[in-house]
Amino acid sequence: MTKNKFATTAVRAGINSDEHHGAVIPAIHLSSTYALKGFNNKRQFDYSRTGNPTRATFAQAIADLEGGALGIVTSTGMSAVHLICQLLSTDDLVVIPHDCYGGSYRLFTHLAKRGQFKLAVVDQNDEQALAKALEQNPKLVLVETPSNPLMRLVDIEKVVKASHQVGALVAVDNTFLSPILQQPLALGADIVFHSTTKFINGHSDVVGGVLVTKEQALGEELAWWANCIGITGSAFDSYLALRGLKTLPVRMKQHQENADELAKFLQSHPAIEKVYYPGFENHPGHDIAKKQQANFGSMMSFELKGGEAAVIKLFDNLQLFTLAQSLGGVESLISHPSTMTHAGMEIEAQIEAGISQSLVRVSVGIEDIDDIIADLNTGLNASQQ
């Protein structure tokens, strides 16, 4: 673990580690296998599914930023979630948020249907509902804060305390904020995980995931499973994600500045019914965000007047914003959660989670804010014609 500040840790990850040639930037090691020193005498690395120098450097960098004991790099964000599931047995109960990312919801509900574990889908802001679920002594509580796509906030410390009292592990999805803006392990969580496809890489050219454990023993158990089921990340993706990580602090600063301005604009636009952004004082989770986050992030969503027809007009009249899956890249993206990120949820589950057909999600990029606002203004005005 490092005592340096975030920007220094992010930039310096792997720097000056090459003892052979003195390369400032760490090399990418594409070899699939490594020579033993001799009979039954392994080096640090022997096979790249088990361990890879490039992946190890990236994993250590994330662990340092999250303040954890061990980082495990996976092939996708969902494989990081699936890796956590390896801790569970058929009689174990898992508690997940009712409004979590659609891919996570799909994975947990389908694995539960196959009998791999028991499942409780709970509004974690409903204290009675959460308490009732915890009375059943779950093995794992999954937290997603801010939630995707409605930006609901969960008090991590509060959930951790209640979960630990019944012996449950707590895993927190920190994808929306990155370790720059939120530190779940410092708030008591046992596991923090990310889709590194998003802010950590930041350039929309890598698909990957990572999880970091607070304790070494739990990390070693999960690392064993990652190797066993073969979901570790590739060297090339780790190299690219490590390169993206070096600019994470400065990117998050610009993302945040743009998001603050855009949220104010959206809140005042007549085409919009409601904006979901924790930076607003009237957001129900605003005080929680101020307590456990360094800032409010650059993700937001809004309800558009006119329903699905207006949403289609909006998308058809945008030039800068790209209608696409994913988030956290330097470019601004816009999406329709019901038919895109949360299409894996049954429509009844979407309604229960508050996802309507008029809901639009925005990932604010780092382009000039005047251009961002102008483009959305054009689309929003067209949506009401």
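The sole residue among 30, 36 that is in a loop (DSSP other than H, G, I, E, B) and touching a helix residue (DSSP H, G or I) at 6+ places or on another chain (Cβ under 7 Å) is 30. Residues that are part of a helix (DSSP H, G or I), of a type in the set (Gly, Ala, Ser) and crowded, with 23+ Cβ neighbours inside 10 Å within the range 52-78 comprise 59, 61, 63, 77, listed in sequence order. Look at (1) surrounded by fewer than 17 Cβ atoms within 10 Å (Cβ to Cβ); (2) more than 26 Å from residue 334 (Cβ to Cβ); (3) of a type in the set (D, E, K, R) and you find that residue 246 fails only one, number (1).
Residues of the range 85-106 that are over 18 Å from residue 192 (Cβ atoms), surrounded by 16 or more Cβ atoms within 10 Å (Cβ to Cβ) and either of a type in the set (Ser, Thr, Tyr) or out of contact with any Leu (no Cβ under 8 Å at 6 or more places or on another chain) (or both): 98, 102, 105, 106. Of the helices (runs of 4 or more DSSP H) lying entirely inside the range 205-295, those containing at least 3 residues that are within 26 Å of residue 325 (Cα to Cα) span 235-245, 248-268. Criterion applied to 356, 326 was being in the same structural domain as residue 255 (by TED's automatic domain parsing), surrounded by fewer than 23 Cβ atoms within 10 Å (Cβ to Cβ), farther than 20 Å from residue 257 by Cα and within 18 Å of the chain's Cα centre (by Cα), and the one residue passing it is 326.
Among the residues of the range 149-158, write down those that are closer than 15 Å to residue 122 by Cβ and surrounded by 24 or more Cβ atoms within 10 Å (Cβ to Cβ). Correct list: 152 only. Residue 49 meets all of the listed conditions (1) at pLDDT below 95; (2) within 25 Å of residue 202 (Cα to Cα); (3) assigned to a loop (DSSP other than H, G, I, E, B) but one, namely (1).
The values are calculated or read from the model by the stated rules, or taken from the named source; none is laboratory data. None of these values were measured; they are calculated from a predicted model. All Cβ positions, even for glycine, are placed from backbone atoms using ideal geometry, and neighbour counts span all protein chains on display.
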